[in-house]
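Colleague: Pasting a structure below so you can have a look.
The values are calculated or read from the model by the stated rules, or taken from the named source; none is laboratory data. Remember, predicted model here, so these are calculated numbers, not experimental data. Heads up, the Cβs are rebuilt from the backbone with ideal geometry, glycines too, and the neighbour counts pull from every protein chain shown. Protein only, heavy atoms only, side chains kept; ligands, DNA and RNA dropped before computing areas. Shrake-Rupley method; radii C 1.70, N 1.55, O 1.52, S 1.80 Å.
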Amino acid sequence: MMMASVDGAYDCVAKTPMGDQKGVFTVVSSGDRFNGTFAGMMGSLDVVDGKVAGNSLTWKMEMTMPMPMTLECEAEVSGDAITGTMQLGAFGASAFTGTRRA
(Lines give C-alpha, C1' and ligand atoms only; values in the text may rest on other atoms or scores of the structure.)
Protein backbone atom coordinates (compact mmCIF):
# COMPACT_ATOMS: atom_id res chain seq x y z
CA MET A 1 0.00 0.00 0.00
CA MET A 2 1.60 3.23 -1.13
CA MET A 3 1.52 6.31 1.04
CA ALA A 4 -1.16 8.68 -0.24
CA SER A 5 0.16 11.62 -2.22
CA VAL A 6 -1.22 14.05 0.36
CA ASP A 7 0.44 12.51 3.42
CA GLY A 8 3.32 14.21 5.18
CA ALA A 9 4.41 17.13 7.32
CA TYR A 10 4.33 20.54 5.64
CA ASP A 11 6.15 23.68 6.78
CA CYS A 12 3.48 26.33 6.25
CA VAL A 13 3.05 30.08 6.44
CA ALA A 14 -0.45 31.56 6.76
CA LYS A 15 -1.13 35.21 5.94
CA THR A 16 -3.44 36.32 8.74
CA PRO A 17 -4.73 39.65 10.10
CA MET A 18 -2.29 39.07 13.00
CA GLY A 19 0.67 38.80 10.63
CA ASP A 20 2.37 35.75 9.15
CA GLN A 21 1.74 32.62 11.23
CA LYS A 22 4.23 29.81 10.74
CA GLY A 23 3.18 26.27 11.48
CA VAL A 24 3.60 22.61 10.65
CA PHE A 25 0.58 20.93 9.07
CA THR A 26 0.61 17.13 9.39
CA VAL A 27 -1.61 14.96 7.18
CA VAL A 28 -2.24 11.26 7.80
CA SER A 29 -4.84 9.95 5.38
CA SER A 30 -6.94 6.81 5.48
CA GLY A 31 -9.00 6.34 2.33
CA ASP A 32 -11.11 9.47 1.79
CA ARG A 33 -10.55 10.79 5.35
CA PHE A 34 -7.55 12.26 7.10
CA ASN A 35 -6.35 13.16 10.56
CA GLY A 36 -3.62 15.57 11.52
CA THR A 37 -2.63 18.72 13.34
CA PHE A 38 -1.60 22.28 12.61
CA ALA A 39 1.08 23.15 15.15
CA GLY A 40 2.25 26.75 15.36
CA MET A 41 2.49 29.86 17.48
CA MET A 42 -1.13 29.40 18.63
CA GLY A 43 -0.40 25.90 19.87
CA SER A 44 -1.52 22.70 18.18
CA LEU A 45 -4.94 22.47 16.51
CA ASP A 46 -6.42 19.08 15.63
CA VAL A 47 -7.96 18.40 12.23
CA VAL A 48 -11.72 17.81 12.53
CA ASP A 49 -13.77 16.13 9.80
CA GLY A 50 -10.81 15.86 7.41
CA LYS A 51 -11.74 14.75 3.90
CA VAL A 52 -9.53 13.77 0.95
CA ALA A 53 -10.62 13.94 -2.70
CA GLY A 54 -7.67 13.24 -4.98
CA ASN A 55 -5.14 15.96 -4.11
CA SER A 56 -7.75 18.17 -2.42
CA LEU A 57 -8.20 18.40 1.34
CA THR A 58 -11.02 19.96 3.35
CA TRP A 59 -11.15 20.14 7.14
CA LYS A 60 -12.06 22.19 10.18
CA MET A 61 -10.08 23.19 13.25
CA GLU A 62 -11.43 24.46 16.57
CA MET A 63 -9.33 27.39 17.76
CA THR A 64 -9.68 28.48 21.40
CA MET A 65 -6.96 31.17 21.62
CA PRO A 66 -6.93 34.12 21.27
CA MET A 67 -10.70 33.61 20.85
CA PRO A 68 -12.97 30.63 20.16
CA MET A 69 -13.45 30.16 16.44
CA THR A 70 -14.03 27.34 13.97
CA LEU A 71 -11.58 27.52 11.08
CA GLU A 72 -12.90 26.13 7.79
CA CYS A 73 -9.99 25.03 5.65
CA GLU A 74 -9.29 23.73 2.18
CA ALA A 75 -6.06 22.96 0.40
CA GLU A 76 -4.60 21.45 -2.73
CA VAL A 77 -1.42 19.35 -2.77
CA SER A 78 0.75 19.51 -5.89
CA GLY A 79 3.98 17.54 -5.67
CA ASP A 80 5.56 18.67 -2.40
CA ALA A 81 3.71 22.00 -2.33
CA ILE A 82 0.46 22.75 -0.53
CA THR A 83 -1.68 25.85 -1.04
CA GLY A 84 -4.96 26.63 0.60
CA THR A 85 -7.21 28.93 2.54
CA MET A 86 -8.51 29.07 6.08
CA GLN A 87 -11.80 30.84 6.77
CA LEU A 88 -11.25 32.79 9.99
CA GLY A 89 -14.86 33.52 10.89
CA ALA A 90 -15.43 37.29 11.05
CA PHE A 91 -11.81 37.93 9.98
CA GLY A 92 -12.33 36.60 6.46
CA ALA A 93 -10.08 34.19 4.61
CA SER A 94 -6.38 33.61 5.21
CA ALA A 95 -4.23 32.09 2.47
CA PHE A 96 -1.45 29.68 3.33
CA THR A 97 1.32 27.91 1.48
CA GLY A 98 3.70 25.18 2.51
CA THR A 99 6.34 22.68 1.48
CA ARG A 100 6.44 19.02 2.44
CA ARG A 101 9.40 17.97 4.55
CA ALA A 102 11.63 15.37 2.91
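Colleague: If we restrict to alpha carbons, what Rg and Dmax does the chain come to, in Å?
Modeller: 12.7, 42
Colleague: Ok, one more. To the nearest 20 debye, what is the magnitude of the charge dipole of the chain about its Cα centre, counting +1 on the Cβ of each Lys and Arg and -1 on the Cβ of each Asp and Glu?
Modeller: With Lys and Arg at +1 and Asp and Glu at -1, about 120 debye.
Colleague: Could you compute how fast the range 1-51 diffuses translationally, taking Rh as the Kirkwood radius over C-alpha pairs and applying Stokes-Einstein at 4 °C with viscosity 1.567 mPa s? Give it in µm² per second.
Modeller: 110
Colleague: Here's something else I'd like to know. Just the number please: accessible area per residue for the chain, 1.4 Å probe, all protein chains included, in Å².
Modeller: Heavy-atom accessible area per residue stands at 56 Å².
Colleague: Roughly speaking, to the nearest percent, how much of the chain's 1.4 Å accessible area is carbon and sulfur? Working shown, then result.
Modeller: On the way: 3380 of 5740 Å².
So the carbon and sulfur contribution to the accessible surface is 59 percent.
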